[in-house]
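Data first, discussion second: the structure below is written as structure tokens.
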Amino acid sequence: MVRSESGTLTAQLRPGGGLERWAERHLRILMLAPTLLILAGLTLFPTVYMLTAALQKVSPDPSVPREFVGLGNFARMLTDPELHLAVRNTVVFTSVAVTLEFLLGLGLALLFDKYIRRLNFLKTILLVPMMIPPIAVALTWKLIYQPQFGVLNELMYRLGLPAQAWAGDVNLAMATIIAADVWEWTPFIFLLMLAGLASLPSEPYEAAQVDGASAWRQFWDLTIPFLKPVIAIALLLRIMDALRLFDLVFILTVGGPAGATETLSLYIFKVAFTFVDIGYAAAISLVVLFVTVGFSTWFIKRLRLAD
């Protein structure tokens, strides 16, 4: 018995033994523990705080105790016209911007895949807007739209056209936000579509050419079905990102004029830090979170059923 225990202990102490593997496994856990604790704190604390604040009326004065209002903050959302306007603006922006980005990105990807494969420097130039920090993009477009000395109005003047207020015009403000976003994020769709096109098998296209199928027929019957998973991922990522648009609107219009470009993210920011109504802002944020997660889940399920 003693020999057996001694032999087991010797085997554990040998290189590669059980004791060494046990120490190595737990050492990895200990080394990851600080990072995991920080990530848990940064994720769990805001989530718990948002859940509790959404059910309370939070005063900006820390000395005033919180008042439990239950679902009052959620019921208030049903009768808030400014929130309804922000929802409408967000849906309009997301629908138009993502559609234009997808069409332009797919068109550019097809163009490069068929005709401009060797001009890699053009691909690099096209990807530049996506790599610029969003704040820098917003400031650049703010200068372009500037009514007095902006590049766009200078171009209008040279063409003999009247100058426009652009971001300051209630009829043009949303279009200016969409144009800036399309410029920034079309390269993202282009990159995904180009990667998808590069991975397509050549055999089906060769068979289609033998059968006399036109380029348009090949595009609809082969390219689009093959690209469906890539298209779904690209659209899902862009829709989720567009729904939380903040930086472009904050820099270019601050939600104006007359609320024409106020999005959900900007409205939540205003409620929380301008009106200092933390409970109501938390309730809106919670609903937006659930809607986004629900939409993503539904979208992924539809994609799986389609396959």
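The values are calculated or read from the model by the stated rules, or taken from the named source; none is laboratory data. Since the model is a prediction, treat every value here as computed from it, not as a measurement. Every residue, glycine among them, receives a Cβ derived from its backbone with ideal geometry; neighbour counts consider all protein chains shown. Calculation scope for accessible area: heavy atoms of the full protein, side chains included, ligands and nucleic acids excluded. Shrake-Rupley method; radii C 1.70, N 1.55, O 1.52, S 1.80 Å.
Which one of the conditions (1) touching a residue at least 40 places away in the same chain (Cβ under 8 Å); (2) over 26 Å from Leu191 (Cα atoms); (3) open to solvent by 60 Å² or more (accessible area, probe 1.4 Å) does Tyr145 fail to meet, given that it meets all the rest?
Just one mismatch for Tyr145, condition (3).
With surrounded by 14 or more Cβ atoms within 10 Å (Cβ to Cβ) and at pLDDT below 85 as the only criterion, which of Ser63, Ser59 stands out?
Ser59
Given the criteria in the same structural domain as Ala234 (by the TED database) and crowded, with 16+ Cβ neighbours inside 10 Å, does Asn89 qualify?
yes
Could you give every pair whose Cβ atoms fall below 6 Å, whose first residue belongs to the range 250-277 and is of a type in the set (Phe, Trp, Tyr), and whose second residue is crowded, with 18+ Cβ neighbours inside 10 Å, counting only separations of at least 6 or pairs across chains?
That search, which allows pairs on different chains as well, returns Tyr267/Ala86.
Within the range 190-205, track down each residue that is open to solvent by 40 Å² or more (accessible area, probe 1.4 Å) and within 20 Å of Val128 (Cα to Cα).
Once the filter is applied, which keeps residues that are open to solvent by 40 Å² or more (accessible area, probe 1.4 Å) and within 20 Å of Val128 (Cα to Cα), the range 190-205 yields Leu191, Leu192, Ala195.
Can you find, within the range 18-67, the residue that is nearest to Asp277 (Cα to Cα) among those that are of a type in the set (Ser, Thr, Tyr) and under 24 Å from the mean Cα position of the chain (by Cα)?
Tyr49
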